[in-house]
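Taking it in order: structure first as structure tokens, then the write-up.
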Amino acid sequence: MKKLSFLERLTGSASIDEETDALDEDHEFGEDDDMEINHYGEESEFHGQEEVEEEVQEGELPVDMYHTGDAVVIRALVAGVSPDDLDIAITRDMVTIKGIREEYQEATDDDYYHRELFWGSFSRTLLLPEEVLIDEADAQEKHGLLEIRLPKVDKDRSTRLKVKTKVSK
């Protein structure tokens, strides 16, 4: 029995007669019954288990990040996302932005001609190129554009401390 290669099955380069011959030759029903064809046309073991549903994929939020003289600025388009559905976590060297864009479906899936918009949860974690002052960070949203301003730690700043003495009694 000639087994078709993955490429032959995918492209259909083998003639129909060859495929039929490959299936009919020396095949008895009940043989290979524990095999199934997956989405890619490849055989895989099947142990009577139900297929596991695909996990819901989380989208990655595209961002712009730049710096000014005193701050690191992150911008992201979050149109259609309520500010209450945004979660921004900041450490001195990392920012994580998470959110959910709820879909308001006015048509059934069969009625769409084209679908490109992302709906559902998304997140993005960014390593910052410089340390920032997390207590002075600010986030604003205007017309669907989120802007996070993170003031940089001024490493050149110094101060003088006066040493105090404790008076013991």
Next item on the list: Grab the strands (runs of 3 or more DSSP E) fully contained in the stretch 91-155, keeping just those with 2 or more residues being under 20 Å from the mean Cα position of the chain (by Cα).
Entry: 94-101, 120-127, 145-151
Next item on the list: Collect the residues in the stretch 74-88 that are part of a strand (DSSP E or B) and over 17 Å from the mean Cα position of the chain (by Cα), keeping them in residue-number order.
Entry: 74, 75
Notebook entry, point to check: With 87, 64, 111, 70 as the choices, which residue is over 17 Å from residue 147 (Cβ atoms), of a type in the set (Asp, Glu) and exposed (fewer than 15 other Cβ atoms within 10 Å of the Cβ)?
Noted result: 111
Item checked: Residue that is in contact (Cβ under 8 Å) with a residue 60 or more places away in the chain and farther than 19 Å from residue 145 by Cβ, where the choices are 92, 75 -> 92
Next item on the list: Pick out the one residue from 118, 122 that is touching a residue at least 24 places away in the same chain (Cβ under 8 Å) and farther than 17 Å from residue 87 by Cα.
Entry: 118
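Quick note: the coordinates plus some simple rules give every number you see, no bench work behind them. Keep in mind that what you see is a predicted model, and the values were worked out from it rather than measured. All Cβ positions, glycine included, derive from the backbone under ideal geometry; neighbour counts span all protein chains shown.
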